[in-house]
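The values are calculated or read from the model by the stated rules, or taken from the named source; none is laboratory data. Owing to the predicted nature of the structure, the values given are computational and were not obtained by experimental measurement. As a convention, Cβ positions derive from the backbone with ideal geometry for all residues, glycine included, and neighbour counts pool all protein chains shown. With ligands, DNA and RNA removed, areas are computed over all heavy atoms of the protein, side chains included. Shrake-Rupley method; radii C 1.70, N 1.55, O 1.52, S 1.80 Å.
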Protein chains: 2
Amino acid sequence: MSNELKDVRLSVIDERIKNVKNVIAVSSGKGGVGKSLVASALSLSLARRGYRVGLFDLDLTSPSTHIILDVGERSRPIEDKGIIPPKIHGISYMSITYYSGDRPTPLRGPDFSNALIELMAITRWGDLDFLILDMPPGISDATLDIIRLIKRSKFLIVTTPSKLALETVKKLIKLLSYLHVKIIGIVENMKLRESDFVKLNANKLGVKYLGGIDFDEDLEDALGDVEKFSKTEFFRRVEEIAGELLRTLAFGA
Amino acid sequence: MSNELKDVRLSVIDERIKNVKNVIAVSSGKGGVGKSLVASALSLSLARRGYRVGLFDLDLTSPSTHIILDVGERSRPIEDKGIIPPKIHGISYMSITYYSGDRPTPLRGPDFSNALIELMAITRWGDLDFLILDMPPGISDATLDIIRLIKRSKFLIVTTPSKLALETVKKLIKLLSYLHVKIIGIVENMKLRESDFVKLNANKLGVKYLGGIDFDEDLEDALGDVEKFSKTEFFRRVEEIAGELLRTLAFGA
């Protein structure tokens with residue numbers, strides 16, 4: 001691809017999200033902390049409050065939201081001067097799985113950026129209150145690309161109470177601060193016991209602690225069943241965190 | 001870097017691991033499944049059986065083994081016609097954290113490959129029975145690079161019973177099979193209840209099920225304390241899996 005063509009697509013991306021009021025990048029230092037679950041529950045929760053919500057699965061190497069939301073074969077994006085995301089459970093939804101299916105997507109750096117830019121450039125989100133991005137884990141090419149391509153993204157960071165997860169979250173926050181990226185706050189997932197460990201670390205890092213979610217054994221059985229998923233304790237806590245998020249956005253982080 | 005220089009380094013990598021009998025790449029489709037914990041416990045466990053073991057943390061964007069093994073400041077690699085890894089708890093140990101410290105390492109594709117090749121090219125492992133690679137999660141540039149650079153790597157795949165983890169493991173196995181990479185087997189971590197779900201899927205994929213490890217609530221408190229770590233139920237199970245691994249290597253996967 002020539003640089004000229006690339007530039008055209010970049011300006012197209014701005015155009016595509018022109019009428020999106022808030023872009024929330026749900027991110028984590030480490031995989032497996034429940035980022036996709038939080039992004040899915042947050043999207044559903046905001047949609048149920050009456051907001052117009054889009055969910056964009058950008059975890060290209062390991063997409064999960066299509067399983068959580070049981071997207072299956074029942075919907076496809078519509079091609080019309082770009083791609084219009086289908087509505088899933090009241091959410092405008094887009095994922096690379098519409099195009100890759102079950103095939104592995106071992107994209108190398110430049111191909112990865114290219115696929116990402118292409119997906120962002122073709123998707124017509126229309127008017128939205130929230131576009132939730134399910135980010136790839138860690139500080140990857142995709143993270144850096146999205147920061148570069150969607151300058152308005154505000155980061156919501158998911159971690160677990162584990163030292164191992166928190167250690168990588170610290171690095172992510174350092175990088176985001178260095179790049180002057182707005183961080184809305186930290187969500188602590190999979191809490192096994194009462195502990196202030198993450199909260200204290202959030203304070204130390206100067207990042208808002210949006211709330212903690214207890215480890216929920218029943219969550220696994222609810223994956224792919226949105227009715228069941230929205231009745232879990234996990235979902236109830238994300239609903240509260242959505243409230244906290246709305247307050248933070250309204251009154252400043 | 002010129003291609004010529006790159007080629008020189010590639011042949012150096014072969015030379016560096018010439019006297020390593022087995023290269024085991026501990027991998028996962030998804031992050032946060034306990035890959036680094038399994039790699040650390042496996043390394044310790046094989047060393048205690050009297051094998052000469054090296055552990056190479058190649059999870060460059062989110063390294064964890066230095067925390068698990070409490071590597072801290074007490075050891076440094078020695079420079080001598082390359083880098084000689086220090087001995088940690090009886091293991092020859094190498095990690096990018098010796099050079100990056102707590103700084104985030106947001107390496108983009110080509111830089112990432114470059115850092116990886118550099119680390120592999122300078123490290124002198126000497127005579128080893130096992131070199132355990134703690135791989136980056138998923139199907140990333142690093143995964144593809146290591147497959148290309150260390151053709152002798154045999155993959156040990158870690159998953160959890162979660163549909164979300166298994167879905168990405170399936171993709172990883174498809175890719176490895178396509179690339180004719182040897183897969184030793186699957187380890188199931190963080191089991192919450194008795195279930196044959198992963199075992200049945202392993203059979204279906206034609207991959208050996210090496211064993212399951214129950215979710216261990218006490219593990220978090222043992223991170224960074226190797227004495228405590230090696231007394232956990234998690235560690236005891238990895239010791240059994242190490243036995244299974246030795247049998248598999250001896251009699252063929």
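Residue-wise test of (1) open to solvent by 30 Å² or more (accessible area, probe 1.4 Å); (2) among the hydroxyl-bearing types (S, T, Y); (3) part of a helix (DSSP H, G or I); (4) farther than 27 Å from B:N114 by Cβ.
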site: B:L156; (1), (2), (3), (4): no, no, no, no
site: B:P161; (1), (2), (3), (4): yes, no, no, yes
site: B:S177; (1), (2), (3), (4): yes, yes, yes, yes
site: B:I186; (1), (2), (3), (4): no, no, no, yes
site: B:E194; (1), (2), (3), (4): yes, no, no, yes
site: B:V198; (1), (2), (3), (4): no, no, yes, yes
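Which numbered condition trips up B:K171, out of (1) within 12 Å of another protein chain (Cβ to nearest Cβ); (2) farther than 26 Å from A:D57 by Cα; (3) among the basic types (K, R)? If we test B:K171 against (1) within 12 Å of another protein chain (Cβ to nearest Cβ); (2) farther than 26 Å from A:D57 by Cα; (3) among the basic types (K, R), just (2) comes out false. State all residues of region A:163-173 that are open to solvent by less than 30 Å² (accessible area, probe 1.4 Å) and of a type outside the set (G, A, S); if no residue qualifies, say none. Scanning region A:163-173 gives A:L164, A:L166, A:T168, A:V169, A:K171, A:L172, A:I173. Could you check region A:122-150 and list, in sequence order, the residues that are in a helix (DSSP H, G or I), surrounded by 20 or more Cβ atoms within 10 Å (Cβ to Cβ) and either away from chain B (no Cβ under 14 Å) or of a type in the set (D, E, K, R) (or both)? A:D141, A:D145, listed by residue number. Only one of the numbered conditions (1) modelled with pLDDT under 90; (2) farther than 26 Å from B:K87 by Cα is not met by B:G185, and that is (1).
When each of A:E220, A:E239 is tested for being touching a helix residue (DSSP H, G or I) at 6+ places or on another chain (Cβ under 9 Å) and under 18 Å from A:G32 (Cβ atoms), the lone residue that passes is A:E220. Within 14 Å of chain B (Cβ to nearest Cβ) and touching a residue at least 60 places away in the same chain (Cβ under 8 Å): is that true of A:K30 in this structure? Considered against the rule, which asks whether it is within 14 Å of chain B (Cβ to nearest Cβ) and touching a residue at least 60 places away in the same chain (Cβ under 8 Å), A:K30 comes out as yes.
Residue by residue through region B:220-229, note down the ones that are open to solvent by less than 20 Å² (accessible area, probe 1.4 Å) and touching a residue at least 24 places away in the same chain (Cβ under 8 Å). Outline the logic, then answer.
If we filter region B:220-229 for residues that are open to solvent by less than 20 Å² (accessible area, probe 1.4 Å), which is where we start, we get B:222-223, B:226, B:229.
Within region B:220-229, B:L223, B:V226, B:F229 qualify.
Being assigned to a loop (DSSP other than H, G, I, E, B), surrounded by 14 or more Cβ atoms within 10 Å (Cβ to Cβ) and under 19 Å from the mean Cα position of the chain (by Cα) narrows it down to one residue among B:V207, B:V238; which is it?
Working: B:V238 fails: assigned to a loop (DSSP other than H, G, I, E, B).
Just one listed residue meets the conditions, B:V207.
What about B:D111, is it among the acidic types (D, E), farther than 30 Å from A:T160 by Cα and modelled with pLDDT under 90? Spell out the reasoning first.
Values: among the acidic types (D, E): yes; farther than 30 Å from A:T160 by Cα: no; modelled with pLDDT under 90: yes.
When the stated conditions are applied, B:D111 does not pass them.
Count of region A:36-61 residues, restricted to those that are open to solvent by 10 Å² or more (accessible area, probe 1.4 Å) and within 17 Å of the chain's Cα centre (by Cα), is 5.
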